[in-house]
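The structure under discussion appears below in the form of structure tokens.
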Amino acid sequence: MPEFNRNDTINLLSKLTARRLLNGMKVLSSYYVSKWTKRAIQWGYPVSLSFEPTTSCNLRCPECPSGLRAFTRPTGMLENSFFRQTIDQLSKELLYLIFYFQGEPYLNPSFLDMVAYASAKGIYTATSTNAHYLNDRNARQTVESGLDRLIISIDGTTQDVYEQYRVGGKLEKVLEGARNIVKWKKELKSKTPFVFFQFLVVRPNEHQLDEVRRLAKEVGVDEVRFKTAQVYDYQNDPNGLIPTNERYSRYRKDKNGEFVTKNTLDNHCWRLWHTTVITWDGLVVPCCFDKDAQHPLGDLKGMPFKAVWQNEKYVEFRRQILKSRKNIDICANCSEGTRVWED
């Protein structure tokens, strides 16, 4: 783990209230009690959550169901009114809100209005973008919205390498968008958002790690962070994405020379206690690895969130995690504990 960015850490801590702190302590203690007793106990509400602005995307990345247009679930845009109604239920306990699950957030015309709404409630807000829509106007509105963290995906430092994963993308648009954000932060004298380049390390770009660090300094973003890539068919790796440098891979070769996940999949998962994911149309799913919402635990169009959080489906899913996590399909390719964050 890298050292935390000082300003970003102070900003996050500034969002803590007595109620949020108490809720976090409840969640943490119930997680450890559940882990030790093998009983699915939940005493608090989510400390963080991911809310999906849209399933739509302008790119066609080879390991992304949004890019591949491979969803079996409906596609669409999160409605501002539904978002506000849901956040109103959770804002007093919620500390951290990620405006991302699948798709490109900036394609939702109400995206920055939703960020501003959550920010006004004192919630730490973050998003991840391919940066193709960070024109001058959107960049200014992003800074003015109060967004706390902006993750910019940049998976290559030259166009020929970048487009091997970010199919249909233009590296120059990414760099232009990043420069626009840096410019408006300076002009508006704003410490937020904390901006970093996220570099998904795959075989075509693994030789460019030093170059992306240089590029980040040149553009003026706060950090570079490297992320391991999820490969669905990792035994065969049909797109040739698993890097040769095992440090930056979620997978390793076993004694037979076959790829296996590094994750040991122990029978517990912190995510199932402290965070959740809400799709654009109101389904609550266990975590960000359930990309196609194959394990819906409730529908917020029919019941309030806090009822879903404690319903029998959610409790039973936590029980399954504590009993036999390896038998849950979305856990099989989980990267929890195998990410590489680096300055």
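The values are calculated or read from the model by the stated rules, or taken from the named source; none is laboratory data. From a predicted model like this one, the values you see are computed outputs, not experimental measurements. Note that each Cβ is placed from the backbone with ideal geometry, even for glycine, and that neighbours are counted across all protein chains shown. These accessible areas exclude ligands, DNA and RNA; they are computed on the full protein's heavy atoms, side chains included. Shrake-Rupley method; radii C 1.70, N 1.55, O 1.52, S 1.80 Å.
For every residue, the table says whether it meets (1) on the phi < 0 side of the Ramachandran plot; (2) in contact (Cβ under 8 Å) with a residue 12 or more places away in the chain; (3) β-branched (V, I, T); (4) out of contact with any strand residue (DSSP E or B) (no Cβ under 8 Å at 6 or more places or on another chain).
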{"site": "R179", "(1), (2), (3), (4)": "yes, yes, no, yes"}
{"site": "V202", "(1), (2), (3), (4)": "yes, yes, yes, yes"}
{"site": "F226", "(1), (2), (3), (4)": "yes, yes, no, no"}
{"site": "T244", "(1), (2), (3), (4)": "yes, yes, yes, yes"}
Screening I123, I152 for residues that are touching a helix residue (DSSP H, G or I) at 6+ places or on another chain (Cβ under 6 Å) and either touching a residue at least 60 places away in the same chain (Cβ under 8 Å) or not acidic (D, E) (or both) leaves only I152
Read through the list (1) open to solvent by less than 50 Å² (accessible area, probe 1.4 Å); (2) under 19 Å from the mean Cα position of the chain (by Cα); (3) at pLDDT below 95, then give the number of the only condition that R60 fails.
-> (1)
Index of the failed condition, E79 passing every other in (1) closer than 19 Å to A293 by Cα; (2) in contact with a strand residue (DSSP E or B) (Cβ under 7 Å, 6 or more places away or on another chain) = (2)
Mind listing just one residue for me: the one in the range 63-75 that is in contact with an Asp or Glu (Cβ under 7 Å, 6 or more places away or on another chain) and either on the phi > 0 side of the Ramachandran plot or open to solvent by 30 Å² or more (accessible area, probe 1.4 Å) (or both) and, of those, modelled with the lowest pLDDT?
-> F71
Here are some conditions: (1) open to solvent by less than 80 Å² (accessible area, probe 1.4 Å); (2) closer than 29 Å to K185 by Cβ. D237 meets all but one. Which one does it not meet?
-> (2)
Consider S56 carefully, then state whether it is under 25 Å from V195 (Cα atoms), of a type in the set (G, A, S) and without any contact (Cβ under 8 Å) to a residue 12 or more places away in the chain.
-> no
Among S119, S110, which is the only one that is closer than 19 Å to E52 by Cβ, of a type in the set (S, T, Y) and surrounded by fewer than 18 Cβ atoms within 10 Å (Cβ to Cβ)?
-> S110
Candidate set: the range 291-303, residues that are surrounded by fewer than 19 Cβ atoms within 10 Å (Cβ to Cβ) and touching a Ser or Thr at 6+ places or on another chain (Cβ under 9 Å); chosen: the one farthest from S56 (Cα to Cα) = P296
Unmet criterion (only one of (1) crowded, with 16+ Cβ neighbours inside 10 Å; (2) more than 18 Å from the chain's Cα centre (by Cα); (3) modelled with pLDDT under 95) for R20 = (3)
Output the qualifying pairs, or none if there are none: Cβ atoms under 7 angstrom, residues six or more apart or on different chains, first residue in the range 298-315 and closer than 16 Å to H274 by Cα, second residue among the hydroxyl-bearing types (S, T, Y).
-> F305/T86; K306/Y45; V308/Y314; W309/Y45
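A quick yes/no check of all residues on (1) more than 30 Å from S190 (Cα to Cα); (2) open to solvent by 10 Å² or more (accessible area, probe 1.4 Å):
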| site | (1), (2) |
| --- | --- |
| L241 | yes, no |
| T275 | no, yes |
| D281 | yes, yes |
| F289 | yes, yes |
| R319 | yes, yes |
Among (1) of a type in the set (G, A, S); (2) more than 18 Å from E223 (Cα to Cα); (3) open to solvent by less than 40 Å² (accessible area, probe 1.4 Å), G168 falls short only on (3)
Working carefully through the options A131, A139, A116, find the one that is within 22 Å of L215 (Cα to Cα) and under 20 Å from the mean Cα position of the chain (by Cα).
-> A131
How many of the residues in the range 80-100 are open to solvent by 10 Å² or more (accessible area, probe 1.4 Å), touching a residue at least 60 places away in the same chain (Cβ under 8 Å) and farther than 16 Å from H274 by Cα?
-> 2
Could you pull out the residue among V143, V115 that is assigned to a helix (DSSP H, G or I), in contact (Cβ under 8 Å) with a residue 40 or more places away in the chain, more than 17 Å from C64 (Cβ to Cβ) and among the aliphatic types (A, V, I, L, M)?
-> V143
Examine the range 264-271 for a residue that is closer than 25 Å to L78 by Cα, modelled with pLDDT of 90 or more and of a type outside the set (A, V, I, L, M), and state whether such a residue exists.
-> yes
